[in-house]
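Asks: The structure is given below, and queries will be raised subsequently.
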Amino acid sequence: LDQVTDDASKDIFIAAINRINVLTKMHTRVYQSEDYSRVSSRACIMELLPELCRSCGFPAENIVPDIEDIILDVNTAIPLGLVVTELVSNAMKHAFPDGAKGIVTVALHSEDGHMRLVVRDDGAGFPPDVDIACAGSIGLQLIVALTEQLEGSIEMDRVNGTAFTITFPGGDGQNAQ
């Protein structure tokens, strides 16, 4: 990365590295578990957050995790990890321009057979002229595609920063022990 001189190219490389790291960590987590098809949501996400802070130069103390420990199958864990990576890294990179500091909250909870992921920042807010459903950035396209893969829905709130809420089937009450 030190050889890349322009910021746009550096951001592309960092995003690609983050995505590869997520896949590596998720696969490692799956193969380290006693049951290859079941992994802990909390362990997976909590392992990703410090890496994202480091790669984006974001203070780890400004991340607030609220992660219920839900047992996930691998077909949910991997896309969920990628969605978390995209949403959190986007918040870290874009919500706080000009060195401003703020808080990014990552919450995952299960209720009534559905899981709800909320990634919220108290930053500058998502541009009002951008529609996530037809956004041109690879990251937003990936978020939309992965949400569809999870058979979920995505909502965005632009009040007091930005919050993305992704709701998808799962979380049938099985908490990790």
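The values are calculated or read from the model by the stated rules, or taken from the named source; none is laboratory data. Because the structure is predicted, anything quoted here is derived from the model rather than measured. Here the Cβ positions follow ideal geometry from the backbone for every residue, glycine too, while neighbour counts run over all protein chains shown. Surface accessibility is based on the protein's heavy atoms, side chains included, excluding ligands, DNA and RNA. Shrake-Rupley method; radii C 1.70, N 1.55, O 1.52, S 1.80 Å.
Asks: Just a yes or no: is a residue in region 164-175 open to solvent by 20 Å² or more (accessible area, probe 1.4 Å), among the aliphatic types (A, V, I, L, M) and under 17 Å from the mean Cα position of the chain (by Cα)?
Replies: No, every residue in region 164-175 fails to be open to solvent by 20 Å² or more (accessible area, probe 1.4 Å), among the aliphatic types (A, V, I, L, M) and under 17 Å from the mean Cα position of the chain (by Cα).
Asks: What number of residues in region 100-127 are more than 23 Å from Asp7 (Cα to Cα) and either without any contact (Cβ under 8 Å) to a residue 40 or more places away in the chain or outside any strand (DSSP E or B) (or both)? So that I can check it myself, show each step before the final result.
Replies: Pass one, region 100-127, residues more than 23 Å from Asp7 (Cα to Cα): 103, 105-120, 122.
Add one more test, that the residue is either without any contact (Cβ under 8 Å) to a residue 40 or more places away in the chain or outside any strand (DSSP E or B) (or both), and what stays is 103, 112-113, 122.
Going through region 100-127 one residue at a time, the tally reaches 4.
Asks: Could you tell me which residue of region 68-85 is farthest from the chain's Cα centre (by Cα), considering only residues that are open to solvent by less than 10 Å² (accessible area, probe 1.4 Å) and not aliphatic (A, V, I, L, M)? Break it down stepwise before answering.
Replies: In the first step, residues of region 68-85 are kept if they are open to solvent by less than 10 Å² (accessible area, probe 1.4 Å); the result is 70, 72, 77, 79-81, 83-85.
Add one more test, that the residue is not aliphatic (A, V, I, L, M), and what stays is 79, 81, 85.
Working: Pro79: 9, Gly81: 6, Thr85: 3 Å.
Out of the qualifying residues, it is Pro79.
Asks: Regarding region 96-107, can at least one residue be identified that is touching a Ser or Thr at 6+ places or on another chain (Cβ under 9 Å) and more than 16 Å from Val64 (Cβ to Cβ)?
Replies: no
Asks: Still on this structure: Kindly indicate the residue of region 23-59 that is under 14 Å from Asp73 (Cβ atoms) and in contact with a Lys or Arg (Cβ under 7 Å, 6 or more places away or on another chain) and also modelled with the highest pLDDT among those meeting that condition.
Replies: Cys44
Asks: Quick one: which of Cys44, Cys53 is free of Cβ contacts under 8 Å to residues at least 60 places away in the same chain, closer than 17 Å to Asp11 by Cβ and open to solvent by less than 20 Å² (accessible area, probe 1.4 Å)?
Replies: Details: Cys44 fails: closer than 17 Å to Asp11 by Cβ.
It is Cys53.
Asks: Taking region 100-157 on its own, how many of its residues are farther than 27 Å from Asn62 by Cβ, open to solvent by less than 60 Å² (accessible area, probe 1.4 Å) and out of contact with any strand residue (DSSP E or B) (no Cβ under 8 Å at 6 or more places or on another chain)?
Replies: Total meeting the criteria: 1.
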